[in-house]
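The values are calculated or read from the model by the stated rules, or taken from the named source; none is laboratory data. Remember, predicted model here, so these are calculated numbers, not experimental data. We place every Cβ from the backbone using ideal geometry, glycine too, and count neighbours over all the protein chains shown.
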Amino acid sequence: MKTSMAPTITRRLFLVLPVASLLLPRLGAADGPIRKTFSYQADIGVLFDLLTFHVTGVMTEEINFAAGRYRVVVTGEGLGITQRTEASGMIRAGRFVPLENLHVGTVRGRESRFLVKYDYARSTAEYHSVAYTLILGRRRQVDDVVKLPVGQMVDDLPSAMLNFAANRLEQDADGYYRTLIVRRAKAENEGPDDVSPSGYHAELVPLRFRATSDPATGLLNAHIDITRFSSWARSNQPAHVTFDQARHVQSVRSALMFGSSFTARVTSSA
């Protein structure tokens, strides 16, 4: 399996890339911006379905290769739950590179939000978040700055999905796709309602998975460890993700702690 080496975004490269990208072929540049719309449904069951949430929503991708920019907006709502995510970034040498990600949502009347801003000239990511645990409503707040590593790309979830669909996500020598995502740091044994008395900081969390083809459908499947992303996740129960023929996420299924579960289905609308 060919190993893809991740480009390093140093200050000098950050300043040079916009000019260099003008010399590269850019799919879709002649046709202007590309807009894709997806609908999704998500079902969440908590404590053996003692609490349930059903969410329906829309995800819109706006990609402008000529301008070297992209934007992903995800909105959804259901009884007792709303959410909106807006992620934007630049396109450099065909790769989607995040610049800002803002999420605002409410669950059972409690508002949570997080904002991540990436500064490649300074090699930093600024992370701010306020969230509440689902059952007891305990507050978790983060205000931190993370140093971005030299020699490895960093994504948010929207850019990671776009890069995988475009076959631009880096692979290691074993054929695993890999990237880093800025998240709230959590203790290894953190429970769904635990809070840290000393506060929180942000960290770079590895996202690593192998995509394999399903012999029956020909579609790609992956099992992804999400324990670094959720206090509800279990190490022995990775999320099962399927991708459609365009390598977009088609479904997600995850068994969580205490008889809880999460399932989602994504459908292309345009």
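Checking GLY105 against (1) modelled with pLDDT of 95 or more; (2) in contact with a Phe, Trp or Tyr (Cβ under 6 Å, 6 or more places away or on another chain), which test does it fail?
(2) is the only condition that GLY105 fails.
Working carefully through the options ALA165, ALA160, ALA131, find the one that is surrounded by 18 or more Cβ atoms within 10 Å (Cβ to Cβ), hydrophobic (A, V, I, L, M, F, W, C), under 24 Å from ASP43 (Cα atoms) and in contact with a Lys or Arg (Cβ under 6 Å, 6 or more places away or on another chain). So that I can check it myself, show each step before the final result.
Working: ALA165 fails: under 24 Å from ASP43 (Cα atoms); ALA160 fails: in contact with a Lys or Arg (Cβ under 6 Å, 6 or more places away or on another chain).
ALA131 is the lone residue from the list that is surrounded by 18 or more Cβ atoms within 10 Å (Cβ to Cβ), hydrophobic (A, V, I, L, M, F, W, C), under 24 Å from ASP43 (Cα atoms) and in contact with a Lys or Arg (Cβ under 6 Å, 6 or more places away or on another chain).
Give the residues of the range 125-159 that are under 17 Å from the mean Cα position of the chain (by Cα) and modelled with pLDDT under 95, sorted by residue number.
Listed by number, the residues that qualify are GLN152, MET153.
Would you check which residues across the range 143-157 are crowded, with 18+ Cβ neighbours inside 10 Å and out of contact with any helix residue (DSSP H, G or I) (no Cβ under 7 Å at 6 or more places or on another chain) and list them?
Filtering the range 143-157 for residues crowded, with 18+ Cβ neighbours inside 10 Å gives 146, 148, 153-157.
Result: VAL146, LEU148, MET153, VAL154, ASP156, LEU157.
Quick check on this structure: which one of GLY80, GLY68, GLY94 is over 30 Å from SER261 (Cβ atoms) and more than 19 Å from the chain's Cα centre (by Cα)?
Values: GLY80 fails: over 30 Å from SER261 (Cβ atoms); GLY94 fails: more than 19 Å from the chain's Cα centre (by Cα).
Answer to the selection: GLY68.
Has the range 51-65 got at least one residue that is outside any strand (DSSP E or B), surrounded by fewer than 19 Cβ atoms within 10 Å (Cβ to Cβ) and over 17 Å from the mean Cα position of the chain (by Cα)? Outline the logic, then answer.
At the first step, the residues of the range 51-65 found to be outside any strand (DSSP E or B) are 65.
Keeping just the survivors that are surrounded by fewer than 19 Cβ atoms within 10 Å (Cβ to Cβ) gives none.
So far as the range 51-65 goes, no, none of its residues is outside any strand (DSSP E or B), surrounded by fewer than 19 Cβ atoms within 10 Å (Cβ to Cβ) and over 17 Å from the mean Cα position of the chain (by Cα).
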